[in-house]
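**Q** Take this structure first; my questions come after.
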Amino acid sequence: MRGLHYREISQLAPLIRAGKLSPVELTDAFIRRIEALDPQLHAYARITADAARATARAAEARIRRGEYLGPLDGIPLAVKDLFWTQGVVSAAGTTIHGDFVPQQDATVVRRLREAGAIILGKLQMTEGAFATHHPSITPPVNPWGEGHWTGASSSGSGVATAAGLCCASLGTDSGGSIRFPCAANGLTGLKPGWGRVSRHGTFELAALLDHVGPMARSAADARLLFNAIAGHDPLDPTSAGPRPTGSARAVPLKGLNIGIDPGWNASGTDDTTRRALEQVVATLRDLGATVREICFPDAWAIAGQWEAQCGIQTALAHAATYPARAAEYGPALSRLIDGGLALRGTDYQRLLLSAADFTGRVNALLETIDLLLVPVQPIAAPTLDQLGALAADPDANQRLIQFTAPFNITGHPALSLPCGQTAAGMPLGFQFVARKGGEQTLLGAGVALQRATDWHRAHPVC
């Protein structure tokens, strides 16, 4: 079968279950594609081809015995390099941990394996999951257009999934790093609510901001991965909630109450982004949703506090190696940690109180609507040159993360969805946000929207 690398999991799984598609042949096809394309795209930190082939052979034999494990059985996936993988280097985009070989899997990796998934390898990422790649690492290349942003820390996850180098992947999001690369690469990505997915065996950036979630071709596929990895884990006492169940059912859009804040959505956004959001709103209304104006709390102010919150938490996460080995760190992560170390306890407490107040206001607002609709970022498909120019602007990062970081601070779930392309053919994205515990509403609404549109079916030519 041709073009398997761009098929959705929900399309491949029935073929595997019926014996019409071999997990071994599918895995070999992905490995050949990785070998052909990744030298140019740099999405993988390391490829585990031998282990993947062995897992595929085991899956094929098991399925032939009638022991099918479910929709991820025999499906080739890949995971961001900050997830521990037993016996495989897990470096988190750093040189500091370049020889770290964990003796166990992260809980999410173990749960994927238990569901029958085949792990093709570890995906490249920014240093420590912060803003930029370590100077010694070649950054991944956007398969839609070289020279365009790949979307922050889960960069390899976005590139590999978009380019058909895996069926789907896992990423993390502390300020937007699932949603940014999904928007940049034309994917669907879920940042679950904080604590809905275990962080055991995941390198920390900032414990109270870190969220683990799936990056996929569709909301239906994202739901399959979420159902496999979510739920309480005794190894992570902060995790909560039952293991999810359910298929890729749509949540009817007719009558769904969706809120927009026109002033906030237009705050610093370019014309292309605004037009894309208008098209999304028109489509939702055509499908029967009620879209009404609301007034969102001051997201600009809370986004301005994100780096200080992240910095002090990152300083704690790196206490064993920083400042003792500061010379081995890249400039961006060093600056973040130095800022955190300089923060006074009373100032941090002030940030926490402000965050608690903001979270309460968002909780109250989301009780009045089913979903909130906002951009992912203010700039449509930014180029690397544009981002470089923004680096000279002290407010630039605050503007960039004003639509994403607030929901890391509050812990609410958010779903990034494709919504077309720029005039130059680069992907565009937007996000839905739901009240806490609302992941299935998000995913169901995403499934319904994607059944009525084809934005998510576009892929790069590679």
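Taken together, the values in this text are just the output of simple stated rules run on the coordinates, not laboratory data. If you're wondering where the values come from, they're calculated on a predicted model, not measured in any experiment. Using ideal geometry, Cβ is built from the backbone for each residue, glycine included, and neighbour counts are taken over all protein chains shown.
**Q** Could you tally the net charge around residue 418, taking each other residue with its Cβ under 11 Å from the Cβ of residue 418, Lys/Arg +1 and Asp/Glu -1? Could the numbers behind the result be given before it?
**A** Values: positive: 217, 457; negative: 454.
In short, +1.
**Q** Still on this structure, please answer the following. If packing is taken as the mean number of other Cβ atoms within 10 Å per residue, what is the order of 300-313, 320-333, 164-177, highest first? Write out the running numbers ahead of the final one.
**A** Values: 300-313: 20.8, 320-333: 15.4, 164-177: 29.1.
Ranking, from highest mean packing down: 164-177, 300-313, 320-333.
**Q** Show log10 I(q)/I(0) for the stretch 4-229 at q = 0.13, 0.16 Å⁻¹, two decimals, from a solvent-free Debye sum over equal Cα scatterers.
**A** -0.65, -1.01
**Q** Of the listed values (i) 20.5, 63; (ii) 24.9, 80; (iii) 31.5, 100, grab the one calculated as Rg and Dmax of the Cα atoms in Å from the structure here.
**A** Only one option fits the structure, namely (i).
**Q** Any chance you could run the full-extension gain for residue 279 through residue 35? It's 0.36 nm times the residue separation minus the Cα-Cα distance, nm to one decimal.
**A** Working: separation 244, 0.36 × 244 = 87.84 nm, distance 3.86 nm.
Length gained, residue 279 through residue 35: 84.0 nm.
**Q** Right, next: Which one of 97, 168, 202 has its Cα pushed farthest toward the positive end of the charge dipole of the stretch 4-229, where Lys and Arg give +1 and Asp and Glu give -1 at the Cβ?
**A** Looking along the dipole axis, the top candidate is 168.
**Q** With +1 on each Lys and Arg Cβ and -1 on each Asp and Glu Cβ, and nothing else charged, work out how big the dipole of the chain is about its Cα centre, in Debye to the nearest 20.
**A** Numbers: 40 positive and 40 negative charges, 289 e Å.
Here the size comes out at about 1380 debye.
**Q** Still on this structure, please answer the following. Taking residue 191 as the anchor, which lysines have their alpha carbon closer than 22 Å to its alpha carbon, excluding any fewer than eight residues away along the same chain?
**A** Counting by Cα, and skipping residues close in sequence, residue 191 has these lysines nearby: 80, 122, 436.
**Q** Now for a different question. Which net charge results for the neighbourhood of residue 456, defined as the other residues with beta-carbon distances under 15 angstrom from its beta-carbon, given Lys and Arg at +1 and Asp and Glu at -1?
**A** Numbers: positive: 7, 179, 217, 223, 451, 457; negative: 8, 221, 454.
Value of the local net charge: +3.
**Q** Which residue, 377, 189, 131, has the largest displacement toward the positive end of the dipole of the chain when charges sit on each Cβ (Lys, Arg +1; Asp, Glu -1)?
**A** Towards the positive end, the residue furthest out is 189.
**Q** Let me ask you something else. Expressed in whole Å with the largest first, what are the equivalent ellipsoid semi-axes of the stretch 316-462 derived from the C-alpha gyration tensor as the square root of 5 times each eigenvalue?
**A** Details: eigenvalues 206, 118, 39 Å².
With the √(5λ) rule applied to the stretch 316-462, the semi-axes are 32, 24, 14 Å.
**Q** Can I ask one more? Between the stretch 334-348 and the stretch 158-237, what is the separation of their alpha carbon centroids in Å?
**A** One Cα centre to the other: 27 Å.
**Q** Hey, another quick one. Could you tally the net charge around residue 95, taking each other residue with its Cβ under 10 Å from the Cβ of residue 95, Lys/Arg +1 and Asp/Glu -1? Write out the running numbers ahead of the final one.
**A** Details: positive: 325; negative: 99, 127, 328.
So the surrounding residues net to -2.
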